[in-house]
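Working notes for the structure below.
Coordinate-derived values only; no laboratory data. Quantities reported herein were computed from a predicted structural model and do not represent experimental measurements. Virtual Cβ from ideal backbone geometry, glycine too; neighbours counted across all protein chains shown.
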Amino acid sequence: MTLYNKIRIIFLVAVLLLTAFFTAYMYIEKSQKINAMEKRYMQTARIVMKHFREAKRNHNEVDFNEPEFLKIVQNNAFEFVPTLNIESIVKSSEEVLKRSMARTHIKIIRKQSSFYLWVKHRDFELFLKDKSSKKIPFELFVVYFLALSFLVLFYFWLTRSLGSLKVLHKKILSVEKGDLSVSFKSVNQDEIAQVSNAFDDALRKIESLMNSRQLFLRTIMHELKTPIGKGRLLNEFLEDEKKKEQYSMVFERLELLIEEFSKIEKMLSSSYELKLNNYNVQEMIDQALELMIMEEEEIEEKVDIVVVEPLILNTDFELFSLALKNLIDNALKYSNNKKVSIRIYADKIKIENKGKPFMEKLEEFSQPFNSKGNGLGLGLYIVQNIMKMLSLNLNYEYINEKHSFTIFKTNI
């Protein structure tokens with residue numbers, strides 16, 4: 001789960017809790033108001049009954065229009081409703097509460113936003129309208145919306161602060177593609193800015209080291225070309241044709257090595273642009289053997305190529321040929337009989353050679369400049385980097401005293 005999703009969940013829970021709190025508060029507030037209203041209504045009903053009983057006790061006629069009684073009723077926020085209007089109100093109203101007290105029926109009814117107290121006795125019937133205001137608690141809603149607005153603003157402020165993480169992620173992806181010129185410097189004072197600035201400092205050091213390495217390698221390759229060129233020129237003056245041909249092969253081999261190092265340097269510095277196209281694997285094997293500068297007789301003697309089924313790969317011709325060249329070269333170096341077998345299938349290429357098992361794990365041989373084998377120790381390191389660039393898989397097995405390297409597509 002991403003950090004943004006976690007923040008969204010936290011704020012969603014906060015909004016739900018805030019809404020639940022205010023809903024519960026409003027419910028409690030409403031219950032308290034209903035209880036207070038019921039208490040006031042029952043108190044008014046008792047006052048009516050008391051007035052009625054006192055009149056009966058004194059053998060007087062009940063008069064609900066006495067000033068003193070009307071004043072008490074008005075103090076309780078009620079007013080009398082004319083008898084003519086009672087029936088129309090009752091028909092279209094809703095009964096809220098019903099009580100019985102001393103052979104008297106008491107009802108609280110509601111019509112729209114108005115409440116009424118109906119006191120019905122066999123000797124009288126009173127219908128009172130509640131004059132108290134039923135205010136909607138706007139203050140409570142204002143507080144709720146202010147709290148909700150604060151949460152929403154805080155959420156956008158926080159996500160905006162984390163927006164620099166997305167920018168940082170995009171820049172890191174650019175670095176992954178080989179663009180070391182990206183700047184991570186930030187003028188902010190938060191922790192993300194500190195990470196960006198630290199990453200930028202580290203990247204500048206890496207860029208400086210890589211530039212130094214590239215300059216060093218390019219200088220060496222440039223300086224090597226000069227003596228090779230002079231050697232070729234002097235070789236032309238040799239009279240011994242056999243030696244002349246041998247020296248030509250040596251110089252050609254050196255030039256191919258320099259060209260190979262140039263490709264490796266570009267590949268490792270992520271400045272190499274892939275030239276992808278569909279190629280026949282057998283053609284790239286021929287190119288790999290040509291890079292090894294092997295005679296036809298030597299190829300026929302040492303390299304056994306069998307095409308079980310033709311294989312067409314969408315790949316970079318030069319890079320894939322370079323990888324095959326290193327695999328074939330390693331297979332010949334570590335072979336007991338100095339022979340290598342290459343099998344081409346519809347979905348893979350298998351390169352095998354007879355030999356003793358490695359004394360170290362294959363990972364040791366895959367490290368650059370390892371001292372476990374012959375040569376510079378770059379062969380498998382170069383091959384694995386090329387396979388990664390071309391989105392191909394390289395599998396190794398040792399079965400029946402045979403080393404077997406298999407190249408196959410990632411999606412197979």
Which pairs break 27 Å Cα to Cα here: Lys177/Lys275; Lys348/Lys402; Lys171/Lys225; Lys244/Lys350; Lys6/Lys170; Lys243/Lys354? Lys171/Lys225; Lys244/Lys350; Lys243/Lys354
Could you run the Karplus curve 6.51 cos²θ - 1.76 cosθ + 1.60 with θ = phi - 60° over the stretch 244-257 and give me ³J(HN,Hα) per residue in whole Hz, x for Gly and Pro? 4, 5, 5, 5, 4, 5, 5, 5, 5, 4, 5, 5, 5, 5
Kindly rank 306-312, 391-397 from highest to lowest mean number of other beta carbons found within 10 Å of each residue. 391-397, 306-312
Could you list which residues have their amide H under 5 Å from that of Phe78, counting only those 5 or more apart in sequence or on another chain, with H placed in the peptide plane? Lys131
Would you list which aspartates and glutamates come within 15 Å of Lys205, measuring only between C-alpha atoms, while excluding same-chain residues fewer than 8 positions from it? Asp179
Residues with beta-carbon under 15 Å from that of Val81, excluding Val81: net charge, scoring Lys, Arg +1 and Asp, Glu -1? +3
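Ranked by Cβ crowding within 10 angstrom, fewest neighbours first, how are Ser186, Ser321, Ser31 ordered? Could you put the intermediate results ahead of the total?
On the way: Ser186 18, Ser321 22, Ser31 10.
Result, fewest neighbours first: Ser31, Ser186, Ser321.
Quick one: work out the % antiparallel among DSSP beta bridges in the chain, nearest 5.
Details: 46 of 51 bridges.
For the chain, the DSSP antiparallel bridge percentage is about 90.
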With the charge dipole of the stretch 94-146 built from beta-carbon charges (+1 for Lys and Arg, -1 for Asp and Glu) about the Cα centre, the Cα from Val142, Phe115, Phe127 projecting farthest to the positive end belongs to Phe127
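Going down the table (Lys325/Lys388; Lys230/Lys339; Lys50/Lys91; Lys56/Lys111), which pairs top 25 Å between alpha carbons? Numbers along the way, then the final one.
Working: Lys325/Lys388 17 Å; Lys230/Lys339 36 Å; Lys50/Lys91 29 Å; Lys56/Lys111 33 Å.
Among Lys325/Lys388; Lys230/Lys339; Lys50/Lys91; Lys56/Lys111, the Cα-Cα distance tops 25 Å for Lys230/Lys339; Lys50/Lys91; Lys56/Lys111.
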Given q = 0.10, 0.14, 0.16, 0.17 Å⁻¹, what are the Debye log10 I(q)/I(0) values for the stretch 3-130, with equal point scatterers placed on the Cα positions and solvent ignored? -0.45, -0.69, -0.84, -0.92
Once you charge only the Cβ atoms, +1 for Lys and Arg and -1 for Asp and Glu, what is the size of the charge dipole of the chain about its Cα centre, to the nearest 20 debye? 4100 debye
Options [x] 1.00; [y] 0.96; [z] 1.51 are given for Rg/Rh (Cα atoms, Kirkwood Rh), and the computed one is [z]
Return the distance in nm (one decimal) between the two label points of a simple spin-label model at Ser248 and Leu165, each offset 7 Å from Cα along Cα→Cβ. 6.6 nm
Hey, if you put +1 on the Cβ of every Lys and Arg and -1 on every Asp and Glu Cβ in the stretch 3-130, which of Asn58, Leu17, Ser92 ends up farthest toward the positive end of that dipole? Leu17
Hey, if you drop one equal point scatterer on each alpha-carbon of the stretch 85-179 and run the Debye formula without solvent, what base-10 log of I(q)/I(0) do you get at q = 0.13 Å⁻¹? -0.69
Given a Förster distance of 25 angstrom, what is the FRET efficiency for Arg110 paired with Phe145, based on the Cβ-Cβ distance and rounded to 0.05? 0.35
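Please compute the length gained on full extension between Glu191 and Leu209, using 0.36 nm multiplied by the number of residues separating them and subtracting their Cα-Cα distance.
Working: separation 18, 0.36 × 18 = 6.48 nm, distance 2.73 nm.
Fully extending the segment from Glu191 to Leu209 adds 3.8 nm.
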Per-residue HN-Hα couplings for the stretch 46-51, Karplus 6.51 cos²θ - 1.76 cosθ + 1.60 at θ = phi - 60°, whole Hz, x for Gly and Pro? 5, 4, 4, 5, 5, 4
Can you pull the one-decimal nm distance between simple spin-label points at Lys356 and Glu397, each 7 Å off the Cα toward Cβ? 2.4 nm
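Counting Lys +1, Arg +1, Asp -1, Glu -1, what net charge surrounds Thr159 among other residues with beta carbon under 12 Å of its beta carbon? Don't jump to the answer; show the numbers that get you there.
On the way: positive: Lys6, Arg8, Arg160, Lys166; negative: none.
Summing Lys/Arg as +1 and Asp/Glu as -1 gives +4.
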Go through Leu392, Pro67, Ala193 and say which Cα lies farthest out towards the positive end of the charge dipole of the chain; charges sit on Cβ, +1 for Lys and Arg, -1 for Asp and Glu. Pro67
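Restricting to Cα pairs below 8 Å that are 6+ residues apart, what does the relative contact order work out to for the chain? Please round to a whole percent. Spell out each step's value before the answer.
Values: 424 pairs, mean separation 31.3, N = 412.
Contact order relative to length: 8 percent.
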Pair Arg103, Leu17: separation of 7 Å Cα→Cβ label points (nm): 6.0 nm
Integer Hz, Karplus 6.51/-1.76/1.60 couplings in order for the stretch 320-336, x for Gly and Pro: 5, 5, 5, 5, 4, 4, 5, 5, 5, 4, 5, 4, 5, 5, 9, 8, 5
